[in-house]
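Structure first, then comments.
The values are calculated or read from the model by the stated rules, or taken from the named source; none is laboratory data. Quick caveat, the model's predicted, so the values are computed rather than measured. Every residue, glycine among them, receives a Cβ derived from its backbone with ideal geometry; neighbour counts consider all protein chains shown. Surface accessibility is based on the protein's heavy atoms, side chains included, excluding ligands, DNA and RNA. Shrake-Rupley method; radii C 1.70, N 1.55, O 1.52, S 1.80 Å.
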Amino acid sequence: DDMFVFNGAVIGQEGAVPAGSSFTSPVDAGGLGIAVLMHNGDWFARASNDDGEDWIMRNGVVLATTGDPITTGNTELFDDTETADCFNIMQGNGKGEYVIAGATNNASLDQDRVMVLNGEEVVLREGMPLDLDGNSLPDDDAFIASFDDDQGFLTDDLVLYCTVQMRSSKTANIG
């Protein structure tokens, strides 16, 4: 069995329900995703369960699952209908703040991935315009096409660094 272990404790294991969760289905036998350790000792893990539910956990607390609102009270939900795995980024800083990125049920397929800060604020979304020339205007015909898996970090000063793919308004990949 594949498993995640932190300080001698199993925090995720194929075929087992994660401790501390309310899941009724165990982690899928190919669904154990990835775990990361932050510099302050916080850990994050993500995986998929046998019933198809994807999830992200921090320090034993589930932060988000498929079907959850992307932010508190939002009607847009995390959803993996268009992708194999719902979530693709989870990072935290030394102050306990975090970002997660995932697919949503947004009907516009060029805007159905978001990055959310602390479960409360969408900070990036597919389709957001990018300012490539530094003039503070969205006039460069460059937009976020996707977030690269596990390519980002969040500083203690709440500066987010991440790698994105860009597209033009005509949806052509531009880097």
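Collect residues whose amide H, placed 1.01 Å from N in the peptide plane, falls under 5 Å from the amide H of Ile34; neighbours closer than 5 in sequence don't count.
Amide H to amide H, under 5 Å and 5 or more residues apart or across chains, Ile34 pairs with Arg46.
At 1.4 Å probe radius, can you tell me the per residue accessible area of segment 92-136 in Å²? Walk me through the intermediate numbers first.
Details: 2010 Å² over 45 residues.
Ligands and nucleic acids excluded, the figure is 45 Å² per residue.
Starting from the Cα of His39, step 7 Å along the direction of its Cβ; do the same at Ser25; then give the gap between the two resulting points in nm.
Roughly 3.8 nm, to one decimal.
Picking from Thr65, Phe44, Ile89, whose Cα lies most toward the positive end of the charge dipole for segment 42-91 (charges on Cβ: Lys, Arg +1; Asp, Glu -1)?
Sorting the options by dipole projection puts first Phe44.
Need one word for segment 74-135: rounded, prolate or oblate. Basis is the Cα gyration tensor (sqrt eigenvalues a ≥ b ≥ c); a/c below 1.5 gives rounded, then a/b vs b/c decides. Intermediate results must be reported in sequence, preceding the final value.
On the way: a/c = 1.90, a/b = 1.08, b/c = 1.77.
Taking the square roots of the gyration eigenvalues as a ≥ b ≥ c, segment 74-135 is oblate.
Please give the charge dipole size of the chain, origin at the Cα centre, charges +1 on K and R Cβ atoms and -1 on D and E Cβ atoms. Round to the nearest 20 debye.
Computed about the Cα centre, the dipole is about 280 debye.
Once you charge only the Cβ atoms, +1 for Lys and Arg and -1 for Asp and Glu, what is the size of the charge dipole of segment 5-95 about its Cα centre, to the nearest 20 debye? Intermediate results must be reported in sequence, preceding the final value.
Working: 3 positive and 13 negative charges, 121 e Å.
Charge dipole of segment 5-95: 580 debye, to the nearest 20.
With r as the distance between the Cβ atoms of Asp51 and Phe6 and R0 = 41 Å, compute the FRET efficiency 1/(1 + (r/R0)^6) and round to 0.05. Could you put the intermediate results ahead of the total?
Details: r = 25 Å, r/R0 = 0.60.
Using R0 = 41 Å, I get an efficiency of 0.95.
Let's see if you can work this out: charge +1 on each Lys and Arg Cβ, -1 on each Asp and Glu Cβ, no other charges. What is the dipole magnitude of segment 45-116 about its Cα centre, in debye to the nearest 20? Walk me through the numbers before you get to the answer.
Working: 4 positive and 13 negative charges, 100 e Å.
Dipole magnitude for segment 45-116 comes out near 480 debye.
I want to check the label-to-label distance for Asp133 and Thr155. Put each point 7 Å from Cα in the C-beta direction and report it in nm to one decimal.
With each label placed 7 Å out from Cα toward Cβ, I get 2.7 nm.
Got the relative contact order for segment 28-138 handy, in percent, Cα pairs under 8 Å and 6 or more residues apart? Don't skip to the end; give the middle numbers.
Values: 213 pairs, mean separation 18.4, N = 111.
Answer for segment 28-138 is 17 percent.
In nanometres, what is the gap between the two model label sites at Val62 and Glu82, each 7 Å from Cα along Cα-to-Cβ?
2.5
Counting only other residues whose beta carbon sits under 12 Å from that of Asn74, what net charge do I get with K and R as +1, D and E as -1?
On the way: positive: none; negative: Asp68, Glu76, Glu120, Glu121.
Net charge around Asn74: -4.
For segment 119-175, which whole percent of the accessible surface, found with a 1.4 angstrom probe, sits on carbon and sulfur atoms?
Values: 1810 of 3450 Å².
Carbon and sulfur atoms account for 52 percent of the accessible area of segment 119-175.
Once you sort the root eigenvalues of the Cα gyration tensor of segment 18-80 as a ≥ b ≥ c, which label holds: rounded (a/c under 1.5), prolate (a/b larger than b/c) or oblate (the other case)? Before the final figure, lay out each step's value.
Details: a/c = 1.85, a/b = 1.13, b/c = 1.64.
Since a/c reaches 1.5 but b/c is at least a/b, the shape of segment 18-80 is classed as oblate.
For segment 101-127 and segment 1-55, compute the distance between their C-alpha centroids and round to whole Å.
Centre-to-centre distance over Cα atoms comes out at 23 Å.
So how much slack lies between Ala107 and Lys95, counting 0.36 nm per residue of separation and subtracting their Cα-Cα distance, in nm? Display every interim value, and only then the final one.
Values: separation 12, 0.36 × 12 = 4.32 nm, distance 3.47 nm.
Gain on stretching Ala107 to Lys95: 0.9 nm.
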